[in-house]
Amino acid sequence: MNADSKSWAGRYEVEIDDSQKILKVDHDRLADVVRSVLAAEKCVSASISLAIVDNETIHDLNARYLQHDYPTDVLSFLLEEEVDPASLPISKGSPRGQGKRLEGEIVFSAEMAKQMAAKYRWQPLDELTLYVVHGLLHLCGYDDVSRKEETLMRKREREVLADWGLSPHYAEPA
């Protein structure tokens, strides 16, 4: 890991609520992942909550907020966003989190991570790390609705995960 954890002190708050009993999760690692992504995205500051749940809980949330009647891997909720005027102008090609102050919540399923890790042949904690990175990139302004945006988001995921010695295992956009 190449980011200095001392540089994160006070800028990035991370709270973790782990209500599932499916996987033993390294909370410190996930908090460090959050901080490193925010630093890589050049966010000014952030308050991020992570909620680690089971498939039943994420299914309920997915139905309630997105009207999708099935469990999913990760949901992101941007609660507040502000751009620091001192960071302007932001050049094209800059990280999408640059200059932002963020408040958000990322909810992800440990049960889904366990299932997908078996499918893609890597560790469940690595799959959870992917979910955290994916959720944070959404909060920073990346999207995966169009093929072009999904390709850009997947590229950024791979770059960030490489800092953790990880190479994502998932089906690439067609």
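The values are calculated or read from the model by the stated rules, or taken from the named source; none is laboratory data. Owing to the predicted nature of the structure, the values given are computational and were not obtained by experimental measurement. Methodologically, a virtual Cβ is constructed for each residue, glycine included, from the backbone with ideal geometry; neighbour enumeration extends over all protein chains shown.
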### Query
So which pairs qualify, if the first residue must be in region 23-42 and surrounded by 22 or more Cβ atoms within 10 Å (Cβ to Cβ), the second must be among the polar types (S, T, N, Q), the Cβ gap must be under 6 Å, and the two must be at least 6 apart or on different chains?
33/129
### Query
Inside region 78-115, can you point out the residues that are surrounded by fewer than 20 Cβ atoms within 10 Å (Cβ to Cβ) and of a type in the set (A, V, I, L, M, F, W, C)?
78, 79, 83, 86, 88, 90
### Message
One residue is enough: does region 130-138 have a residue meeting the conditions more than 20 Å from residue 23 (Cα to Cα), in contact with a Ser or Thr (Cβ under 7 Å, 6 or more places away or on another chain) and among the aliphatic types (A, V, I, L, M)?
### Response
no
### Task
Show the residue pairs that are 6+ apart or on different chains and have beta-carbon atoms under 9 Å apart, the first residue being within region 155-174 and closer than 18 Å to residue 31 by Cβ, the second being surrounded by 17 or more Cβ atoms within 10 Å (Cβ to Cβ) and modelled with pLDDT under 90.
161/168
### Message
Just to be sure I understand, how many residues within region 77-91 are modelled with pLDDT under 90, outside any helix (DSSP H, G or I) and not polar (S, T, N, Q)?
### Response
7
### Summary
Restricted to region 57-72 and to residues being part of a loop (DSSP other than H, G, I, E, B) and within 20 Å of residue 18 (Cα to Cα), the residue farthest from the chain's Cα centre (by Cα) is 71
## Note on the structure
The residue from 154, 121, 101 that alone is of a type in the set (Lys, Arg) and in contact with a strand residue (DSSP E or B) (Cβ under 8 Å, 6 or more places away or on another chain) is 101
### Query
Does residue 136 satisfy being closer than 25 Å to residue 83 by Cβ and either hydrophobic (A, V, I, L, M, F, W, C) or surrounded by fewer than 19 Cβ atoms within 10 Å (Cβ to Cβ) (or both)?
yes
